[in-house]
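Since every read-out is calculated from the coordinates, none of them should be taken as a lab result. Computed from a prediction, not measured in an experiment: that's the story for all the values here. Cβ sites come from the backbone with ideal geometry, for glycine too, and all protein chains shown count toward neighbours.
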Amino acid sequence: MNHLNSLIIEGNIKEVKVSDLPNGLKVTEFSVAVLRYQKKNDGSFSEEESCFSVLLFGRMAELAETNGKIGRGIRIVGRLKQERFTDSDGKAQSKIIVIAEHVEYKPILKSSGQTQA
């Protein structure tokens, strides 16, 4: 039985890396910045930025080549995956990544006030 592993993140694309797997499947890796604002006791707000690594495969990765521009808003529905590896010093490390299952790109606003998908 699979346990629930689902999330939604919404933020802005920071960097994009596109590559091809040996089997010909395209893979795209995004770094997505997610901002959170928290009200402080004095009434001002502090900003907290979190960056998440997101992997897209197949057709979603192909579409990301044209739609995945740095700074563009994006909403991702996906699941978490833990990658375990050994670093160059021989220490065990792990990294949590998001595997995208659905992606929505925010419209790009033009200076005339119109939107473009």
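Computed on segment 7-116, with alpha-carbon pairs under 8 angstrom and 6+ residues apart, the relative contact order is 26 percent.
When the helices in the chain are scored as -39500 (n - 2.57) per DSSP H run of 4 or longer and the sum is shared across all residues, what 222 nm value do you end up with, to the nearest 500 deg cm²/dmol?
Details: 1 runs with 9 residues, N = 117.
Value at 222 nm, helices only, nearest 500: -2000 deg cm²/dmol.
Ranked for footprinting exposure by Cβ neighbours inside 10 Å, fewest first, F30, F57, F85 give F85, F57, F30. The distance between label points at V77 and S6 comes to 0.7 nm (points 7 Å beyond Cα on the Cα→Cβ vector).
Could you size up the charge dipole of the chain around its Cα centre, putting +1 on the beta carbon of Lys and Arg and -1 on that of Asp and Glu, and report it in debye to the nearest 20?
Its charge dipole is roughly 220 debye.
Across the cross-link table entries K17/K110; K81/K110; K39/K81, which are compared at the Cα atoms, the separations over 30 Å belong to K81/K110; K39/K81.
For segment 33-106, trypsin sites (Lys or Arg not before Pro) are listed when DSSP marks them as loop and at most 10 other Cβ atoms sit within 10 Å of their Cβ; the list is K40, K91.
Ranking of L35, L55 by neighbouring Cβ atoms within 10 Å, starting from the fewest: L35, L55.
Across segment 4-12, computed HN-Hα scalar couplings (Karplus, 6.51 cos²θ - 1.76 cosθ + 1.60, θ = phi - 60°) run 5, 8, 9, 8, 10, 10, 9, x, 10 Hz from first to last residue, x flagging Gly and Pro. One entry in (i) 14.6, 47; (ii) 19.5, 62; (iii) 17.0, 56 is Rg and Dmax of the Cα atoms in Å calculated from the shown coordinates; its label is (iii).
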